[in-house]
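A short worksheet on the structure shown next.
The values are calculated or read from the model by the stated rules, or taken from the named source; none is laboratory data. Predicted model, so just to flag it, every value in this text is computed and none were measured. A quick note on method: Cβ atoms are made from the backbone with ideal geometry, for glycine too, and the neighbour counts reach across all protein chains shown. Just so you know, the surface numbers come from the protein's heavy atoms only, side chains and all, with ligands and any DNA or RNA stripped out. Shrake-Rupley method; radii C 1.70, N 1.55, O 1.52, S 1.80 Å.
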Amino acid sequence: MTTVQRSVPRVPMVSGSAPNPYENAMKQLENTASLIKLDSDAHEMLKQPKRILSVSIPIKMDNGRVKNFQGYRVQFSDARGPFKGGIRYHPNVTLDEVKALAAWMTWKCAVVDIPYGGSKGGVVCDPKNMSLGEKERLTRRYTSAIADFIGPYRDVPAPDVYTDPQTMAWILDTYSQIHGYQVPEVVTGKPISLGGSEGRLNSTSRGCVIAAREAARSLKLNLKGATAAVQGYGNVGSWSAVFLKELGVKVVAVSDSKDGIMSKQGLDPRKVQLHKDKTGSVVGLEGTQEISNEELLESEVDILIPAALENAITDRNASRIKAKIVCEGANGPTTPEADKILENNKVLVVPDILANAGGVTVSYLEWVQNLNREHWTEAEVNEKLEQKMVSAFKSTFETARRYNVPMRDGALALAVGRVSEAIRTLGIWP
Ligand code: NAD
């Protein structure tokens with residue numbers, strides 16, 4: 001069998017001492033509810049996920065012993081369409097984290113106005129210390145445990161932290177074996193050979209740079225000759241650097257978990273990637289100056305794209321951020337305290353549920369192609385992504401203006417408003 005390679009995200013989960021992510025998600029909902037004067041019945045219905053599955057996943061390990069893993073699938077809301085959300089493999093997965101991520105997926109799909117609800121899956125495991133065979137058996141058994149609750153019109157999984165196109169191929173095969181026919185539309189983020197979409201690999205970054213471009217336009221900032229710094233040089237960060245350069249932006253600083261590099265003349269993203277592939281880090285590229293991650297975040301640039309971890313911008317460093325635009329490629333890179341400081345300093349923050357929604361948007365396009373048995377060119381996919389992102393940016397910007405709030409609150413207001421409208425229109429049965 002061919003193994004599909006994808007860079008493995010090294011994103012830390014919310015640790016035990018961190019604030020409870022589901023409480024945070026519900027607090028956000030409460031704030032948004034009072035901002036938009038949310039219908040109290042719709043609010044009541046959004047206080048809990050529609051369905052929570054908790055499954056045990058026994059598999060035979062390579063040493064011949066059985067190990068039982070804990071898995072979850074949380075389906076938050078399907079008011080706007082089938083549930084949609086990735087599957088995460090990580091030792092720190094908790095039910096509350098999966099619940100929060102399912103709520104955020106609901107808002108993300110609503111912001112870009114794709115006809116999906118939101119869900120998320122998680123398995124408590126340490127994939128770094130599992131063989132390929134163990135991961136395959138885990139994936140197949142997890143799929144069989146949730147098979148009655150997923151499906152092209154029910155709930156469509158996708159890759160997330162430590163899961164990749166190969167994982168999706170195993171889910172697709174297991175689900176199809178159970179049903180007796182091939183169902184490519186049950187997952188997105190598949191390998192192209194199995195019905196995956198052109199352009200899916202770098203769709204998050206493409207969407208993120210479109211969002212940054214629209215933000216620049218709103219500030220009347222000319223991108224030709226503007227400068228940018230990108231934190232994190234993985235899937236999202238490295239492609240964001242490529243697309244920024246295509247727009248004429250000078251990417252002067254990038255970083256990874258080791259440290260950062262800087263060049264006032266501007267970096268060539270492809271050279272940086274070659275160096276990282278060869279040495280394992282961006283650090284040490286000829287002709288660049290080494291900087292710390294803190295220095296990267298605080299560098300004198302027009303656009304900052306945090307594309308690494310959660311909580312990169314906090315109340316400790318927010319006042320030193322000099323960028324005019326922070327466009328959140330990563331999920332949750334800015335803490336609520338930092339948000340307030342950035343707002344006071346008139347930094348335009350493009351929130352994650354808008355800025356990194358390009359990935360789920362192209363997942364949706366993949367699903368549409370599968371349902372119609374079509375395969376579009378990359379140009380067609382990119383064109384549709386462009387339209388969705390531009391329209392989502394405009395709607396978010398206008399909503400933020402209308403309520404006189406930052407774009408993060410605007411995005412939530414827009415999303416929660418759209419979901420609650422669907423809930424109210426559907427009514428309750430019986
Ligand atoms: P990745 O693992 O490919 O890249 C992460 C990068 O961050 C790596 O280069 C790593 O070295 C770097 N990094 C780790 N710790 C760092 C630190 N302390 N300082 C600076 N850099 C550090 O992951 P990815 O897929 O690019 O995801 C990055 C972020 O984007 C995550 O928050 C993820 O949830 C979010 N995201 C990704 C997608 C997607 O399609 N890949 C979609 C939506 C959101």
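Screening the candidates VAL124, VAL111, VAL156 for the property of being more than 21 Å from GLU366 (Cα to Cα) and either open to solvent by 20 Å² or more (accessible area, probe 1.4 Å) or at pLDDT 95 or above (or both) yields one hit, VAL124.
Condition check for LEU221 on (1) open to solvent by 10 Å² or more (accessible area, probe 1.4 Å); (2) among the hydrophobic types (A, V, I, L, M, F, W, C); (3) assigned to a helix (DSSP H, G or I): one failure, at (3).
Restricted to helices (runs of 4 or more DSSP H) entirely inside segment 336-418, those with at least 2 residues that are modelled with pLDDT under 95 are 336-344. Here VAL301 clears all of (1) buried (at least 23 other Cβ atoms within 10 Å of the Cβ); (2) in the same structural domain as VAL242 (by TED's automatic domain parsing); (3) in contact with a helix residue (DSSP H, G or I) (Cβ under 8 Å, 6 or more places away or on another chain) except the condition numbered (3).
When segment 240-267 is examined, which residues are found to be out of contact with any Lys or Arg (no Cβ under 7 Å at 6 or more places or on another chain) and open to solvent by 60 Å² or more (accessible area, probe 1.4 Å)? Within segment 240-267, LYS245, GLU246, LYS250, LYS258, LYS264, GLN265 qualify. Considering only residues of segment 192-208 that are in a helix (DSSP H, G or I) and within 14 Å of the chain's Cα centre (by Cα), which is surrounded by the most Cβ atoms within 10 Å (Cβ to Cβ)? The extreme case among them is CYS208. Out of LYS258, LYS245, one residue alone is part of a loop (DSSP other than H, G, I, E, B) and more than 16 Å from ASN356 (Cβ to Cβ). It is LYS258.
Given the residues TYR22, TYR72, which is the only one that is outside the structural domain of ALA158 (by TED's automatic domain parsing) and open to solvent by less than 50 Å² (accessible area, probe 1.4 Å)? Break it down into steps so the answer makes sense when it comes.
Values: TYR72 fails: outside the structural domain of ALA158 (by TED's automatic domain parsing).
Result: TYR22 is the single residue among TYR22, TYR72 that is outside the structural domain of ALA158 (by TED's automatic domain parsing) and open to solvent by less than 50 Å² (accessible area, probe 1.4 Å).
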